[in-house]
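The values are calculated or read from the model by the stated rules, or taken from the named source; none is laboratory data. If you're wondering where the values come from, they're calculated on a predicted model, not measured in any experiment. We place every Cβ from the backbone using ideal geometry, glycine too, and count neighbours over all the protein chains shown. Heavy atoms of the whole protein, side chains included, go into the accessibility calculation; ligands, DNA and RNA do not. Shrake-Rupley method; radii C 1.70, N 1.55, O 1.52, S 1.80 Å.
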Amino acid sequence: MGDARAHILGIRSQALLAQAIAAAAGLGIADKLAAGPMSVAELAGHCGAKPDPLYRLLRTLAGHGIFAEEGDGHFALTPGAQPLLRDVPDSLQPILAGDFPALVWSTFGELEAAVRTGEVAFERAHGAGFFDYLAAHPQANASFDQAMALVAATEHPLIAASHDYGGVSTITDIGGGQGGLLAAILSRYPATRGVLFDQPQVIAAPAELEAAGVLDRCELVAGDFFTAVPPGADLYLLKRILHDWEDAQALSILRAVRAALGNNGRLLVIDAVMQPGNAPDPNKDLDLNIMALTGGRERTEAEFAALFHAAGLALEAIQPLPAPATLAIVHARPA
Ligand SMILES: C[S@@+](CC[C@H](N)C(=O)[O-])C[C@H]1O[C@@H](n2cnc3c(N)ncnc32)[C@H](O)[C@@H]1O
């Protein structure tokens, strides 16, 4: 009983600590301290904060190795605070601070009500569906795209290295965001062409294709994957797409891809595949996250197989990606 109480209270206090880290990221503390330690009063002036609450925020974080209080009342950057810097390659800023992280926090506050009513927590909190809201709020959409690109940056090289794309002439990435996955694959396969398919506002500036030097081998196509996707590719990718949607919508997307595939095409779905049973599985946490944000769901192997079957596809194999990715490549072919 004592252990169970401590376990639950420990989890509960993590929520406030997570908010404290987000607050420090939003205030840009790490960047202000990059040039050297600073007094709280000076720091408060630089980031538009009040000294007393700022001190108490930093004192708490310093107890967790994020910033350090020095003897003279100055605070300093620590290795634990490095990911809060904005301009480092592994910066966590995009998923901690900005419009999209703020939307996520306010969504989670609606979880209990959403479980009671069956509504989507995001819609309760923000009055519109997730992607409709983003389409109407360009700054939030840009913040979301940056957060997605950050999460995806560790996954894309693993996806590119884990499958042999040799012999594929055209790959279409459906809902491919800013093109990071195509960039990772096309960089390794110079003879392969890519099609990036997403909403018009998302493909407007495919920075990752440009940075990888593969934009000249890509076609950018704007559209709605519930209606139709471009035909003619021999391989289609759906990464972190099906999990955004309930079965009825996921089926519409798969039917659109099936119609484009012809009889010889292949589809790779890259998504979480949830383990059954009670074992801890990060994908179960991801399932709750996506339930709250979009009303979507993560799926088990059996659930993928059933969806594919309904769309005229057959599940061929499930290939888990190496850590740190928690996703798998689910191989499908026309049934
Ligand atoms: C969760 S993100 C995944 C992005 C990318 N595949 C990745 O893994 O980083 C979902 C993507 O679906 C796109 N999307 C949402 N609704 C869409 C629609 N109706 N038609 C086409 N793309 C859509 C979004 O713009 C977004 O880029």
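Here are a few things to note about the model shown:
- Whichever lysines have a C-alpha closer than 23 Å to that of K284, once near sequence neighbours (fewer than 8 apart) are set aside: K239
- Percent RCO, i.e. relative contact order, over the stretch 146-267, from Cα pairs under 8 Å lying at least 6 residues apart: 25
- Between D52 and A15, the simple spin-label model (points 7 angstrom out along Cα→Cβ) gives 2.7 nm.
- Its DSSP H runs of at least 4 residues, each contributing -39,500 (n - 2.57), put the calculated 222 nm mean residue ellipticity of the chain at -14500 deg cm²/dmol, to the nearest 500.
- Available extension along the chain between Q319 and S169 is 51.8 nm, counting 0.36 nm per residue and deducting the alpha carbon span.
- Amide H contacts of I329 (H built 1.01 Å from N, under 5 Å, at least 5 apart or other chain): Q319, L321
- Heavy-atom SASA rank of R258, R116 (probe 1.4 Å, accessible area, largest first): R116, R258
- Note on T117/A259: beta-carbon distance plugged into 1/(1 + (r/R0)^6) with R0 of 30 Å gives a FRET efficiency of 0.25.
- Here the label points at A153 and R333, each 7 Å from Cα along the C-beta direction, are separated by 3.8 nm in the simple model.
- Length added when fully stretched, T78-A222, from 0.36 nm per residue minus Cα-Cα: 47.5 nm
- Per-residue packing, averaged as other Cβ atoms within 10 Å, sorts the ranges 248-257, 211-220 into the order 248-257, 211-220, beginning with the highest.
- Its convex hull of Cα atoms gives the chain a direction-averaged projected area, equal to a quarter of the hull surface, of 19.6 nm².
- With Cα atoms, 0 to 90° folded angle of helix 2-27 axis to the chain main axis: 90
- For the stretch 111-135 versus the stretch 294-319, the gap between their alpha-carbon centres in whole angstrom: 25
- Per residue solvent-accessible surface (Å²) - the stretch 98-153, probe of 1.4 Å: 51
- Per atom type, the chain shows carbon and sulfur on 56% of its accessible surface, probed at 1.4 Å.
- Short-range pairs are left out: with C-alpha atoms under 8 Å and at least six residues apart, the relative contact order of the chain is 12 percent.
- Order by protection proxy (mean Cβ within 10 Å, highest first), peptides 130-137, 118-125, 275-282: 118-125, 130-137, 275-282
- Helix 282-293 vs. the chain, principal-axis angle (Cα, 0 to 90°, nearest 10): 90
- Ordering of 85-91, 179-185 by packing is 179-185, 85-91, highest average first (other Cβ atoms within 10 Å, averaged per residue).
- Computed from Cα atoms, the angle from the helix 99-108 axis to the main principal axis of the chain rounds to 90 degrees.
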